[in-house]
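Engineer: Can you keep this structure in mind? I'll have questions shortly.
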Amino acid sequence: MRVSALLALSTRAIRVPTTQMSAPAFIDDVNSKYEVLHKAFEEQFWGTKMALSDGKYNTAELTRTKGEMEGFLADPANLARARELLASGGDALSAEEKKTLELFVKTFGCYIMEGDEAKTLRTACTEFEGSLEAARNKMKLGATLDGAFVELSSVGLRTKMRTAGDEATRKACWEGLRAIGPFVTSNGFVELVKKRNQMARALGYVDFYDYKVTQAEGFGKAALFEILDTLEVGTRPLLATARERLGNEHGAAALEPWNTGHAMAGEVTKKLDPYFPFEKSVEQWGRSFAALGISYAGASMNLDLLDRKGKYSNGFCHWPQPAWVKPDGSWQPTVTHFTSLADPAAIGSGLTGLTTLMHEAGHAAHFANIKQPSPLFSQERAPTSVAYAELQSMFLDSLVGDAAWRCKYAISRGGEAIPWSLVEEDVRAKHPYEVFALRAMLAVPYFEKALYEMADGDLT
């Protein structure tokens, strides 16, 4: 049955207009409707991102279900009723009802769009996003090696670029990764940027990036870069020192982008590989989290951990069923979908795959334990802060690089613990260059800021 039909049935069953509902009835109505829409969209998101063969997963359905979910969140009647109940409820509202209604106001306020122009542009953006995702999923990615094109995912290209001993192979993989840029810009990304900016400006924002930052973090682009500029300026000398050291230790060629990762850790990565067999990753995750006292509160988890053709080439964690406490006090555990991108045959893939697994499992643990009276508290979209959402996951994936963790959990197939001398060698090889990873993360917001500040005429 279509989601719209389910919503129609639930509305007829209540037989009370939203504007006349009591606070408990309104909260229950919003929760039940949102839960249905959220699940429909997330099932499509998983099916299309994972390239599942079932015909029910496709870009058209992904676009439709996303539109229905965001349309519900953007319904002015929901925002108006939540505000009205807060204003008129007074002492009659319980503390929990007041908290939930305030969340509704904050969430609905992120999606409300005044005027037909912005709504039309939002629909156009959703359609552009869907078609671009579909094209990217079908892109034939790889590298020309020894005169023949070898199909590789972006994960495979990065792994080979980091571990291959031959510079020509590393450069070919780098060029393969760079092919993504021209592909997406020739398949709708340029028009998507323009439409996004038009939509944001119609809503009164400086540009789309300003709109996204404000919705998620509660402050605008200008305030964000007051913070990030201090980090960018403060790490410039560290970057210069690290690059100078890398060049002195490994030669000027090490500063070429296809050589840097290999120069820093290529040989050490090969030595570490036996102590991170990917088949032990789930055990390492389970033992580590259990020792930390982390539980999943009855959650069900669907994991897709191996890299393969057509699969979305980045780890992620989403929740088709949000965790929440129902009106009768019963607990609704989450259903979690998350991915990693390991290739057990590739050197270094066990370590990178485990790091991604620990990161996404951290997200899953975080959102599995949100015990609040609405599924809207347990979702990653605005007004959920990106910094808040990433805090637990980034802490937990950092364990994989911790010396104490490695000495306890990094065990070879033969049962041998990683030797301390190798832990030390890895630290000495990589620590002076940690600033590279920080600057790589900083590059993302600075790129997006510059991108959305470009004039339409310069977007080609």
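The values are calculated or read from the model by the stated rules, or taken from the named source; none is laboratory data. Here the structure is a predicted model, which is why all the values come from computation and not from measurement. In this analysis, Cβ positions are derived from the backbone assuming ideal geometry, glycine residues included, and neighbour counts consider all displayed protein chains. Surface accessibility is based on the protein's heavy atoms, side chains included, excluding ligands, DNA and RNA. Shrake-Rupley method; radii C 1.70, N 1.55, O 1.52, S 1.80 Å.
Engineer: Regarding segment 164-172, can at least one residue be identified that is touching a residue at least 40 places away in the same chain (Cβ under 8 Å) and closer than 30 Å to Ile227 by Cβ?
Structural biologist: no
Engineer: Continuing with the same structure: Please count how many residues of segment 248-262 are assigned to a helix (DSSP H, G or I) and either in contact with a strand residue (DSSP E or B) (Cβ under 6 Å, 6 or more places away or on another chain) or open to solvent by 20 Å² or more (accessible area, probe 1.4 Å) (or both).
Structural biologist: 9
Engineer: Take Glu175 and decide whether it is part of a helix (DSSP H, G or I), surrounded by fewer than 16 Cβ atoms within 10 Å (Cβ to Cβ) and among the charged types (D, E, K, R).
Structural biologist: yes
Residue-wise test of (1) within 30 Å of Met199 (Cα to Cα); (2) part of a loop (DSSP other than H, G, I, E, B); (3) touching a residue at least 12 places away in the same chain (Cβ under 8 Å).
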residue: Ala118; (1), (2), (3): yes, no, yes
residue: Thr126; (1), (2), (3): yes, no, yes
residue: Glu129; (1), (2), (3): yes, no, yes
residue: Ala134; (1), (2), (3): yes, no, yes
residue: Val150; (1), (2), (3): no, no, no
residue: Leu157; (1), (2), (3): no, no, yes
residue: Lys160; (1), (2), (3): no, no, yes
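Engineer: Looking at segment 345-358, I want the residues that are on the phi > 0 side of the Ramachandran plot and have a partner that is modelled with pLDDT of 80 or more with Cβ atoms under 7 Å, at least 6 apart or on another chain. Which pairs are those?
Structural biologist: From residues that are on the phi > 0 side of the Ramachandran plot, the pairs are Gly348/Thr159; Gly348/Arg162; Gly348/Thr163; Gly348/Thr269; Gly348/Asp273.
Engineer: On to the next question. I'd like to verify a number: residues in segment 291-306 that are touching a strand residue (DSSP E or B) at 6+ places or on another chain (Cβ under 8 Å) and not in a loop (DSSP other than H, G, I, E, B), how many?
Structural biologist: Counting residues in segment 291-306 that are touching a strand residue (DSSP E or B) at 6+ places or on another chain (Cβ under 8 Å) and not in a loop (DSSP other than H, G, I, E, B) gives 7.
Engineer: Taking the criterion of being of a type outside the set (S, T, N, Q), under 23 Å from His262 (Cα atoms) and surrounded by 20 or more Cβ atoms within 10 Å (Cβ to Cβ), would at least one residue in segment 317-336 satisfy it?
Structural biologist: Scanning segment 317-336, I find no residue that is of a type outside the set (S, T, N, Q), under 23 Å from His262 (Cα atoms) and surrounded by 20 or more Cβ atoms within 10 Å (Cβ to Cβ), so the answer is no.
Engineer: Filter segment 112-152 down to residues that are open to solvent by less than 80 Å² (accessible area, probe 1.4 Å) and of a type in the set (S, T, N, Q), then give me how many there are.
Structural biologist: Matching residues across segment 112-152 total 4.
Engineer: Another question about this same structure. Restricting attention to segment 215-238, report how many residues are open to solvent by less than 40 Å² (accessible area, probe 1.4 Å) and either of a type in the set (Ser, Thr, Tyr) or within 16 Å of Met441 (Cα to Cα) (or both).
Structural biologist: The qualifying residues number 5.
Engineer: Let me ask something else about it. Run Gln284 past the list (1) touching a strand residue (DSSP E or B) at 6+ places or on another chain (Cβ under 9 Å); (2) modelled with pLDDT of 95 or more and report the number of the one that doesn't hold.
Structural biologist: Status for Gln284: all satisfied but (2).
Engineer: Moving on. Within segment 189-201, is even one residue part of a helix (DSSP H, G or I) and closer than 30 Å to Ala342 by Cβ?
Structural biologist: Looking for residues that are part of a helix (DSSP H, G or I) and closer than 30 Å to Ala342 by Cβ, one finds at least one in segment 189-201, hence yes.
Engineer: Further question on the same structure: From Tyr205, Tyr275, grab the single residue that is among the aromatic types (Phe, Trp, Tyr), over 30 Å from Ala382 (Cβ atoms) and either open to solvent by 30 Å² or more (accessible area, probe 1.4 Å) or modelled with pLDDT under 95 (or both).
Structural biologist: Sole residue among the options that is among the aromatic types (Phe, Trp, Tyr), over 30 Å from Ala382 (Cβ atoms) and either open to solvent by 30 Å² or more (accessible area, probe 1.4 Å) or modelled with pLDDT under 95 (or both): Tyr275.
Engineer: Then there's this: Just need a number here: residues in segment 41-56 that are in contact with a strand residue (DSSP E or B) (Cβ under 9 Å, 6 or more places away or on another chain) and open to solvent by 20 Å² or more (accessible area, probe 1.4 Å).
Structural biologist: 2
Engineer: Restricting attention to segment 153-169, report how many residues are open to solvent by less than 20 Å² (accessible area, probe 1.4 Å) and more than 23 Å from the chain's Cα centre (by Cα).
Structural biologist: 2
Engineer: What single numbered condition from (1) part of a helix (DSSP H, G or I); (2) β-branched (Val, Ile, Thr); (3) closer than 30 Å to Leu52 by Cα fails to hold for Val268?
Structural biologist: Status for Val268: all satisfied but (3).
Engineer: Additional query: Could you grab me the full set of residues in segment 435-460 that are exposed (fewer than 14 other Cβ atoms within 10 Å of the Cβ) and not in a helix (DSSP H, G or I)?
Structural biologist: Of everything in segment 435-460, those that are exposed (fewer than 14 other Cβ atoms within 10 Å of the Cβ) and not in a helix (DSSP H, G or I) turn out to be Ala455, Thr460.
Engineer: Tally up the residues in segment 359-372 that are assigned to a helix (DSSP H, G or I) and in contact (Cβ under 8 Å) with a residue 40 or more places away in the chain, please.
Structural biologist: Within segment 359-372, residues that are assigned to a helix (DSSP H, G or I) and in contact (Cβ under 8 Å) with a residue 40 or more places away in the chain number 8.
Engineer: Within segment 285-299, does at least one residue satisfy the condition of being of a type in the set (D, E, K, R) and surrounded by 17 or more Cβ atoms within 10 Å (Cβ to Cβ)?
Structural biologist: Checked against the condition, which is being of a type in the set (D, E, K, R) and surrounded by 17 or more Cβ atoms within 10 Å (Cβ to Cβ), segment 285-299 yields no hits at all.
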